[in-house]
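Encoded as structure tokens, the structure appears first; notes follow it.
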Amino acid sequence: MGVEGRDKQKVLEAGAHALAGQLGKTVNRLRKASNLSLSELSEQSGVAKSIISQIERNETNPTLVTLWRLAQALDVSIEQVLREDEDSAFLEKISRNDTPMLISDDGKCRLGITGWSKTIDWLQWYDFSAEPGGVLESDAHQRGAMESLTVLEGELQVESGGETETAVAGDTLRYRADRPHVIRNSGKILARAHMICILRAAAME
């Protein structure tokens with residue numbers, strides 16, 4: 001279940017939201033490091049005070065022109081505005097409601113995208129759940145792609161390359177994902193699992 005097309009767009013949007021959160025903190029940190037009030041930064045940059053306040057509170061996504069004006073006023077490069085503080089701790093929380101969700105064609109399988117948007121092209125991971133009888137069918141991913149499915153609750157069955165295997169809570173299935181593959185809930189209760197998709201070809205290049 002590698003992310004592609006519209007599904008990939010959902011992940012990228014989540015990543016943009018996270019970047020906006022980082023940007024607000026960085027602008028606030030740089031402004032305070034320069035001992036500038038909102039009014040003073042507004043006067044020096046030509047960016048409205050209300051806009052700067054919204055940026056710092058992560059309520060708006062600034063344009064490139066706005067970022068350039070702020071960077072000039074703060075006497076830093078745009079790259080420094082976009083870059084995280086290398087000395088700061090990294091601790092990010094994504095709430096349940098903000099976690100992007102994918103739904104299978106039959107409506108019985110759900111994949112919460114818990115992976116990091118920065119690794120989407122080579123490593124993806126999900127919180128997977130399936131109602132009894134739920135089926136998730138996936139097309140072949142790029143050559144060398146692998147998936148790992150660790151069952152947390154219930155029972156899941158995987159088909160890949162003409163082979164079928166069943167796993168229960170505590171079991172892990174690893175299989176080639178560079179060919180069509182299917183995951184189905186073959187049990188009578190809701191099944192949950194952690195799923196990791198390794199796009200090996202991209203990682204090895």
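The values are calculated or read from the model by the stated rules, or taken from the named source; none is laboratory data. These numbers were taken from a predicted model, which means no experiment stands behind them. All Cβ positions, even for glycine, are placed from backbone atoms using ideal geometry, and neighbour counts span all protein chains on display. The accessibility values were calculated without ligands, DNA or RNA, using every heavy atom of the protein model including side chains. Shrake-Rupley method; radii C 1.70, N 1.55, O 1.52, S 1.80 Å.
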For Phe90, the lone unmet condition from (1) of a type outside the set (S, T, N, Q); (2) part of a loop (DSSP other than H, G, I, E, B); (3) out of contact with any Leu (no Cβ under 8 Å at 6 or more places or on another chain); (4) at pLDDT 90 or above is (4)
Tabulated pairs, the range 103-129, first free of Cβ contacts under 8 Å to residues at least 40 places away in the same chain and more than 16 Å from Leu190 (Cα to Cα), second surrounded by fewer than 20 Cβ atoms within 10 Å (Cβ to Cβ) and among the aromatic types (Phe, Trp, Tyr), C-beta under 7 angstrom, 6+ apart or interchain: Thr114/Trp125
When Leu70 is run through (1) modelled with pLDDT of 90 or more; (2) on the phi > 0 side of the Ramachandran plot, the failure sits at (2)
Quick one: what pairs do we get from the range 30-45, first residue closer than 13 Å to Arg69 by Cα and aliphatic (A, V, I, L, M), second in a helix (DSSP H, G or I) and open to solvent by less than 80 Å² (accessible area, probe 1.4 Å), C-beta under 8 Å, 6+ apart or different chains? Leu41/Arg31; Leu41/Ile52; Leu41/Leu70; Leu41/Ala73; Leu41/Leu74
When the range 164-182 is examined, which residues are found to be of a type in the set (Asp, Glu) and at pLDDT below 95? Asp178
If you scan the range 99-145, which residues turn out to be surrounded by 14 or more Cβ atoms within 10 Å (Cβ to Cβ), within 10 Å of the chain's Cα centre (by Cα) and either of a type in the set (D, E, K, R) or part of a strand (DSSP E or B) (or both)? Gly112, Ile113, Gln124, Trp125, Tyr126
Just need a number here: residues in the range 146-191 that are part of a loop (DSSP other than H, G, I, E, B), closer than 17 Å to Arg110 by Cβ, without any contact (Cβ under 8 Å) to a residue 60 or more places away in the chain and open to solvent by 70 Å² or more (accessible area, probe 1.4 Å). 1
Restricting to the range 74-87, what's the tally of residues that are at pLDDT 65 or above and surrounded by 10 or more Cβ atoms within 10 Å (Cβ to Cβ)? 9
